[in-house]
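First the structure, in the form of structure tokens, and then the observations on it.
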Amino acid sequence: MLAHERRGSGPPLVLIHGLGSRRQVWDPIVAELARHREVITLDLPGFGESPLWPAPGSPTPGDRVTDHGAGNRSDPGPRLPGDPAPPGSPRPPSDPTAIGDRRLPGDPAALGGSLPPSGPRGASIPDERAAPGEAVVPGSVGHLADQVAAFLDQLGLDRPELAGSSLGGGIALELGRRGRARAVTAFAPVGFWGPVSRRWCQAVVGGARLLSTALGPALPRLLATRAGRVALCAIFYGHPGRLSPEDCLASARALSRAPGFAAARRAFGVWRLPIGADPGALGGIPVTIVWGTRDVVLPYRRQAARAGEELPGARHVLLQEAGHLPFADDPVRCAELLTVRQ
């Protein structure tokens, strides 16, 4: 079972964090949410205190996992530069997220050398809408949604309310599309990007992980100062100076040590809700899409516009002066969005 916490009482609300994060990212709003809901915060497989997803041939996601230590590292997935590799695990030759890109109108063709595609153009990779029996990319939105769905089954939750941040927002939307949610709220969700903004996101979060690793011994001293928190955490927060040194350090450690990070980062490009596609059960439930106006990781203007085109029936909200992780920037409004329906 995934590492998780349950607090409060009422209709269940499951909170899903993003890439490189952990369940504690929701802490600024959990106490308020628990006044209205039974709040379940979880660590995705390969993040926080949850072990990495099972390797091929291991027990299925529905089987109970009892090891909450370093996790199952037999299938580490593709690695970023600087990621440690288990013995006998060669680095994959290419980045699967760069294969088969299709540009949206207005997107430039390249990033000027940043994260260039290394696979053959037009080659295909497994997709979240693949036919039964086809492979699912480890660490992708659909693969992690499978893991979370199995977790919900273990808790006896059929259609809870779901909320997700970034990668977790994509997972929440995918589960909502499958009919596994009573309502979905997605904060800066992945999947509404073009190739350039996707690669930008990969570069930003990959760089943050490498920086956290490189500065490891110095992080306690750096994050103990307001200037250090502003310099190192402004990528993810609109008001990083308000954060506590302890939370910043714990989050940086979680980012640098997550065994599922590399595979999930590389699988970003697999999942998307294309314009005009059937959104499944999302059309019959309350859906809220939230963006912070200071989001550096997923700049909101074009992605919010795409989200509005792809999910016109959803409630679309901008949080002024909030960053990619808005829960510490505007906890009152974030909690309200999760407890007051449109």
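Would you pick out the residues in region 240-290 that are charged (D, E, K, R) and more than 15 Å from Arg209 (Cβ to Cβ)? Once the filter is applied, which keeps residues that are charged (D, E, K, R) and more than 15 Å from Arg209 (Cβ to Cβ), region 240-290 yields Arg242, Glu246, Asp247, Arg272, Asp278.
Restricting region 32-56 to residues that are open to solvent by 50 Å² or more (accessible area, probe 1.4 Å) and under 21 Å from Ala264 (Cβ atoms) leaves a set whose member that is modelled with the lowest pLDDT is Pro56. Number of residues in region 298-329 that are free of Cβ contacts under 8 Å to residues at least 60 places away in the same chain and assigned to a loop (DSSP other than H, G, I, E, B) equals 5.
Just need a number here: residues in region 151-196 that are under 16 Å from Ile285 (Cα atoms), out of contact with any strand residue (DSSP E or B) (no Cβ under 9 Å at 6 or more places or on another chain) and of a type in the set (Val, Ile, Thr). Total meeting the criteria: 0. Candidates in region 8-17 are the residues that are assigned to a loop (DSSP other than H, G, I, E, B) and under 13 Å from Thr41 (Cβ atoms); of these, the one that is least open to solvent (accessible area, probe 1.4 Å) is His17.
Condition (residue is over 17 Å from the mean Cα position of the chain (by Cα), of a type in the set (A, V, I, L, M), open to solvent by 40 Å² or more (accessible area, probe 1.4 Å) and modelled with pLDDT of 95 or more) applied to region 317-340: is it met by at least one residue? Yes; the residues of region 317-340 include at least one that is over 17 Å from the mean Cα position of the chain (by Cα), of a type in the set (A, V, I, L, M), open to solvent by 40 Å² or more (accessible area, probe 1.4 Å) and modelled with pLDDT of 95 or more. Leu243 fails exactly one of the following numbered conditions: (1) open to solvent by less than 20 Å² (accessible area, probe 1.4 Å); (2) touching a Phe, Trp or Tyr at 6+ places or on another chain (Cβ under 8 Å). What is the number of that condition? Leu243 satisfies every listed condition except (1). Pairing each residue of region 212-224 that is within 16 Å of Arg257 (Cα to Cα) with any residue that is polar (S, T, N, Q) and in a helix (DSSP H, G or I), provided the two are 6+ apart or on different chains, yields C-beta distances under 8 Å for Ser212/Ser256; Thr213/Ser256; Gly216/Ser256; Leu219/Ser212.
Tell me which residues, restricted to region 201-240, are open to solvent by 20 Å² or more (accessible area, probe 1.4 Å), of a type outside the set (A, V, I, L, M), in contact with a Leu (Cβ under 7 Å, 6 or more places away or on another chain) and under 30 Å from Gly308 (Cα atoms). Once the filter is applied, which keeps residues that are open to solvent by 20 Å² or more (accessible area, probe 1.4 Å), of a type outside the set (A, V, I, L, M), in contact with a Leu (Cβ under 7 Å, 6 or more places away or on another chain) and under 30 Å from Gly308 (Cα atoms), region 201-240 yields Phe236, Tyr237. Per the conditions (1) at pLDDT 60 or above; (2) open to solvent by less than 50 Å² (accessible area, probe 1.4 Å); (3) within 19 Å of Gln147 (Cα to Cα), the sole criterion not satisfied by Ile29 is (3). Contact list please: Cβ distance under 7 Å, first residue in region 29-48 and assigned to a helix (DSSP H, G or I), second residue among the β-branched types (Val, Ile, Thr), pairs at least six apart or on different chains. Listed by first residue and then by second, the contacts come to Val30/Val39; Val30/Thr41; Leu33/Val39; Leu33/Thr339. Residues satisfying the criterion are present in region 277-297 (criterion: part of a helix (DSSP H, G or I), farther than 22 Å from Arg199 by Cα, in contact (Cβ under 8 Å) with a residue 60 or more places away in the chain and not small (Gly, Ala, Ser)).
Given the structure, is Arg294 within 27 Å of Ser244 (Cβ to Cβ), basic (Lys, Arg), modelled with pLDDT of 95 or more and surrounded by 18 or more Cβ atoms within 10 Å (Cβ to Cβ)? When the stated conditions are applied, Arg294 passes them. Is one or more of the residues making up region 264-272 surrounded by fewer than 16 Cβ atoms within 10 Å (Cβ to Cβ) and over 17 Å from Trp200 (Cβ atoms)? Within region 264-272, not a single residue is surrounded by fewer than 16 Cβ atoms within 10 Å (Cβ to Cβ) and over 17 Å from Trp200 (Cβ atoms).
The values are calculated or read from the model by the stated rules, or taken from the named source; none is laboratory data. Computed from a predicted model, the values in this text were never measured in an experiment. Every residue, glycine among them, receives a Cβ derived from its backbone with ideal geometry; neighbour counts consider all protein chains shown. The accessibility values were calculated without ligands, DNA or RNA, using every heavy atom of the protein model including side chains. Shrake-Rupley method; radii C 1.70, N 1.55, O 1.52, S 1.80 Å.
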